[in-house]
1. Mind listing just one residue for me: the one in region 61-108 that is β-branched (Val, Ile, Thr) and more than 21 Å from residue 39 (Cβ to Cβ) and, of those, surrounded by the most Cβ atoms within 10 Å (Cβ to Cβ)?
2. Where residues in region 152-180 are aliphatic (A, V, I, L, M) and in contact with a Gly (Cβ under 8 Å, 6 or more places away or on another chain), which of them is surrounded by the fewest Cβ atoms within 10 Å (Cβ to Cβ)?
3. Got at least one residue in region 132-146 being among the small types (Gly, Ala, Ser) and either more than 21 Å from residue 39 (Cα to Cα) or crowded, with 21+ Cβ neighbours inside 10 Å (or both)?
4. Would you check if residue 60 is under 21 Å from residue 183 (Cα atoms) and modelled with pLDDT under 90?
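The values are calculated or read from the model by the stated rules, or taken from the named source; none is laboratory data. Here the structure is a predicted model, which means the values were calculated and not measured. So basically every Cβ, Gly included, is an ideal-geometry build from the backbone, and we count neighbours across all protein chains shown.
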Amino acid sequence: MSNIAPPTKRMKTDSSSPSFSVAQKPSPSFVVHARNLSEYTTESDLRETLDRFGIIERIILMPRKRQALIQFEEITSSINLVNESARNPITIAGSTCFFNYSLNQKLVNKYETSENNGEEACQGIVLCYTVQNALYPITVDVINTISSAFGQIYRIVITKKNGVQALVEFASRDSAEKAKEELDNADIYSGCCTLKIDFSKINTLKVSRNDQDQWDYTRDFDSQKNTFASNTKR
């Protein structure tokens, strides 16, 4: 790994059409439906751009649809966002986005309980690293090297189905929060492999073996295999 640049701080879905319709105007809502997002848009990108309209209580990303639902604390914030975006298009992560009121007045998801407002459930100890412009191989060793400075890591899983993503399970929430604060928008290698980091809704990662794409630092798979082989010979 080369020099890591310091981070530069910067449910139910709607079925509305891709463009604003005069004939279809939902009533003002605490929740705004964002469309035409970049496939790489993160929660941090949305908050950075939309915080100026008011306090954001929750964001639900739908990356495959390039959409998101944003819930504000005050309904006036939603109204100001929708009205402003209609007059002056808003660009987030390089994509011009469209905003309209959601059909939902409040966001509710399966991770909530009556005693919990959802924040703890949504922000577990697993972080999702999206690696943009990945010009060099990204392995568990690379992710562990840049992450372990912030605390103990239990497991890492790397997926490459939709770009390069790494799920990193930290031993504590404090470690995960520090890693997110320091590494979000940082480059693993100079000028490339830029990290976009969000909290994952997954609580615990499942690892079937230790290799370059997944690793469980709490288990020794080789020892388990040797024990199993020894037992079968008896």
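1. Of all residues in region 61-108, those β-branched (Val, Ile, Thr) come to 70, 75-76, 79, 82, 90-92, 96, 108.
Subset that is more than 21 Å from residue 39 (Cβ to Cβ): 75-76, 79, 82, 108.
Details: 75: 15, 76: 13, 79: 17, 82: 21, 108: 11.
Out of the qualifying residues, it is 82.
2. Filtering region 152-180 for residues aliphatic (A, V, I, L, M) gives 153, 156-158, 164, 166-168, 171, 176, 179.
Restricting the remaining residues to those that are in contact with a Gly (Cβ under 8 Å, 6 or more places away or on another chain) gives 171, 176, 179.
On the way: 171: 14, 176: 25, 179: 23.
That would be 171.
3. Pass one, region 132-146, residues among the small types (Gly, Ala, Ser): 134.
Adding the requirement that they be either more than 21 Å from residue 39 (Cα to Cα) or crowded, with 21+ Cβ neighbours inside 10 Å (or both) leaves none.
Scanning region 132-146, I find no residue that is among the small types (Gly, Ala, Ser) and either more than 21 Å from residue 39 (Cα to Cα) or crowded, with 21+ Cβ neighbours inside 10 Å (or both), so the answer is no.
4. Values: under 21 Å from residue 183 (Cα atoms): no; modelled with pLDDT under 90: yes.
Answer is no for this residue.
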